[in-house]
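Shown next, in structure tokens, is the structure this report addresses.
The values are calculated or read from the model by the stated rules, or taken from the named source; none is laboratory data. What you see is a predicted model; the values in this text were computed from it and never measured. When we count neighbours, we look across all protein chains shown, and the Cβ atoms used for this are built from the backbone with ideal geometry, even at glycine. Surface areas here come from the heavy atoms of the whole protein model, side chains and all, with no ligands, DNA or RNA. Shrake-Rupley method; radii C 1.70, N 1.55, O 1.52, S 1.80 Å.
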Amino acid sequence: MAPRLRALIGPFLSRYGLVLSFLVLWQVSSSQGWVNPAVFPSLDVILAALWDGIASGALLDDIAISLQRSGIAFASAVAIGIPLGLFMGQVKAIEQALDPLLQFFRQTSALALYPVFILLLGLGETSKVFVIFWATLFPTLLSTIGGVKEVDTKLIEMARTYGAGRLTTFRRVVLPASVPAIFVGLRLSATTALLLLIAAEMIGANKGIGFQVMNAQYNFQIPLMFAAILLLALLGLAANAVLVLLQRKLCRWSQPSL
């Protein structure tokens, strides 16, 4: 029994041991007064604030509106970025013509453009969703283009040798080989969506987790502020886990055999 237990605990500690040590250090430092508990409350106080916010329903509306904003922006980026990336990756002339423009906009911070979006679209939901969409579009688009361009040309030549047309070659060779790279872009986009969500909700918003972080800080509700930050981190981890599971199901052929 002991060897089996060690076999289970060993990999877990090697992966999460540093995180657990950090959490224990945080709890002890705050509870023992090594750091100012008014600025860095202990984890049990933060978790209690998170539970109270969810149980009372105060945070549920914020979670719903934040998920709606980031979800609409992420889905729009995927719906536009993947088809456009697949097309540009296949048509070299289009990719070469648009690449300088894409690189220019990619290097321009979405936060720097947020005031422009507010001027054009107003301070309502449209500008908040659009700035998240703008930031999440490029990781998906560029990863898709890169995935298509990195497909082994020998596989394409072999498919054409066996009589496959352009559509069949794309559907059976190019698209499956591009999926791993596409998912890299999707995971980056999901992370970017949450990062931009915080910034968008801190400007001209009265609902959302990002607004709750700023509002709690203004009112010196530090446990609630950290609870909202923790909630954002958990949502990010959940989104990444969902995408990883989906990638494993769609890309079983690319997983190493045991």
Only one of (1) surrounded by fewer than 17 Cβ atoms within 10 Å (Cβ to Cβ); (2) closer than 17 Å to residue 189 by Cβ does not apply to residue 133, and that is (1)
In the stretch 221-255, the residues that are at pLDDT 85 or above and among the aromatic types (Phe, Trp, Tyr) = 226
Residue count, the stretch 27-52 (criterion: without any contact (Cβ under 8 Å) to a residue 40 or more places away in the chain, open to solvent by less than 60 Å² (accessible area, probe 1.4 Å) and either under 15 Å from residue 222 (Cβ atoms) or assigned to a helix (DSSP H, G or I) (or both)) | 7
Of residues in the stretch 206-215 being touching a residue at least 40 places away in the same chain (Cβ under 8 Å) and surrounded by fewer than 23 Cβ atoms within 10 Å (Cβ to Cβ), the one nearest to residue 55 (Cα to Cα) = 207
Test each condition in (1) over 24 Å from the mean Cα position of the chain (by Cα); (2) modelled with pLDDT of 85 or more; (3) in a helix (DSSP H, G or I) for residue 83 and report the one that comes out false.
-> (1)
Only one of (1) more than 24 Å from residue 69 (Cα to Cα); (2) of a type outside the set (D, E, K, R); (3) under 17 Å from the mean Cα position of the chain (by Cα); (4) open to solvent by 80 Å² or more (accessible area, probe 1.4 Å) fails for residue 181. Which number is that?
-> (4)
Being at positive phi, open to solvent by less than 50 Å² (accessible area, probe 1.4 Å) and either among the small types (Gly, Ala, Ser) or modelled with pLDDT of 90 or more (or both), is that true of even one residue in the stretch 57-66?
-> yes
Among helices (runs of 4 or more DSSP H) completely within the stretch 129-215, the ones holding 3 or more residues that are farther than 22 Å from residue 240 by Cα are 153-161, 166-169
Which residue pairs have Cβ atoms closer than 6 Å, lie 6 or more positions apart in sequence or on different chains, and pair a first residue in the stretch 65-76 that is farther than 10 Å from residue 197 by Cβ with a second residue that is among the aromatic types (Phe, Trp, Tyr) and in a helix (DSSP H, G or I)?
-> 76/133
Any idea how many residues of the stretch 216-250 are of a type outside the set (A, V, I, L, M) and either assigned to a loop (DSSP other than H, G, I, E, B) or touching a residue at least 12 places away in the same chain (Cβ under 8 Å) (or both)?
-> 8
Residues (open to solvent by less than 50 Å² (accessible area, probe 1.4 Å) and more than 21 Å from residue 41 (Cα to Cα)) located in the stretch 223-237 | 235, 236
Scope the stretch 100-128; condition open to solvent by less than 50 Å² (accessible area, probe 1.4 Å) and in a helix (DSSP H, G or I); matching residues = 102, 110, 113, 114, 117, 118, 127, 128
